[in-house]
Amino acid sequence: MSDPRVSVIIPTCDRPQLVHRAVRSVLAQSSAAREIILVDDASSFDYVSALRALDPSIHVVRLERNAGPAVARNAGLRAATSELVAFLDDDDEFHPGYLARAAAALAEAPATVGLCWTGVLLKPSNSDDPRASRVRDFAPRIRDQRSLLLAFLSIGLGHGVTVRRECFAHVGGFSEDLRLVEDTEWFLRFLSHGYLPTVVPGVHVTVHCHEDSRLTSLEHDNARLHECGVVLERMAAVLDAHPYLRDKLRFAVGLSGQDPL
């Protein structure tokens, strides 16, 4: 059986060197059945057009104004044509073979398993010492559905999240009023529609931790706290069904002192 097509959505804004590395990591995948959708979130200059020369699988979507990751990813989703959609941040990279592993994991899973993710290598950009890197490997920690969902709520789209595109028809896209926790809110909506995730064992994504401004930086903590409050209220029904997920979310933003995991 041929590999299923995978659309890889990469939002980018004013990071020409970093996004080039991200794109190369997708082009290096063992499966050629993929398309790369670069969403230019209103960069100050056009560096994305030149990347199209790297491979005919690269498509560019441009936004007229900087609108944040939810809007950019939704624009990428509208352009995607593949049965699977993977997300990659412009400063990170897939390890060789990851898309094939993700596609195989979903092909082997029941239809109620709508997405997969994997472990990551957290690599500081200011050090070449491999001892400075940290690994988040999830599979060894998954014992049951509770531990699976707690791990799921601790990740972001940068953990190699790959989704059956049909899920978006039921769950909807990312909430464009959120800029910092739009992935967490979407994960909870995904669960509320009866879907489950699965984990691809091992570590297959490198997340580069650098000094450039990131949405995960401490400078955004107050805004993140506000948005988490919105999510706690908006997703009350699914959190009532899984109260340990509410505890996890509250712990993540410092509203609770005990990690349920």
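The values are calculated or read from the model by the stated rules, or taken from the named source; none is laboratory data. Quick caveat: nothing in here was measured; it's all calculated off a predicted structure. Positions of Cβ are generated from backbone atoms using ideal geometry, with glycine treated the same way; all protein chains shown enter the neighbour counts. Remember, those area values only see protein heavy atoms, side chains included, never the ligands or the DNA or RNA. Shrake-Rupley method; radii C 1.70, N 1.55, O 1.52, S 1.80 Å.
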Can you compute the helix-only [θ] at 222 nm over the chain? Use -39500 (n - 2.57) per DSSP H run of at least 4 residues, normalise by all residues, nearest 500 deg cm²/dmol.
-10000 deg cm²/dmol
Nearest 20 debye, what's the magnitude of the dipole of the range 59-151 about its Cα centre given +1 on Lys and Arg Cβ and -1 on Asp and Glu Cβ?
300
The range 27-123: chymotrypsin sites (Phe, Trp or Tyr not before Pro) falling in loop per DSSP and having at most 10 other Cβ within 10 Å
PHE45
Not counting the cut sites, what is the longest span of the chain without GluC sites (Glu not before Pro) that DSSP labels loop and that have at most 12 other Cβ atoms within 10 Å?
65-210
Counting only heavy atoms of protein chains, what accessible area per residue, in Å², does the chain have with a probe of 1.4 Å?
46
Nearest 5 is fine: what % of DSSP beta bridges in the chain come out antiparallel, could you say?
30
So the carbon and sulfur contribution to the accessible area of the range 4-104, 1.4 Å probe, in percent, is 51
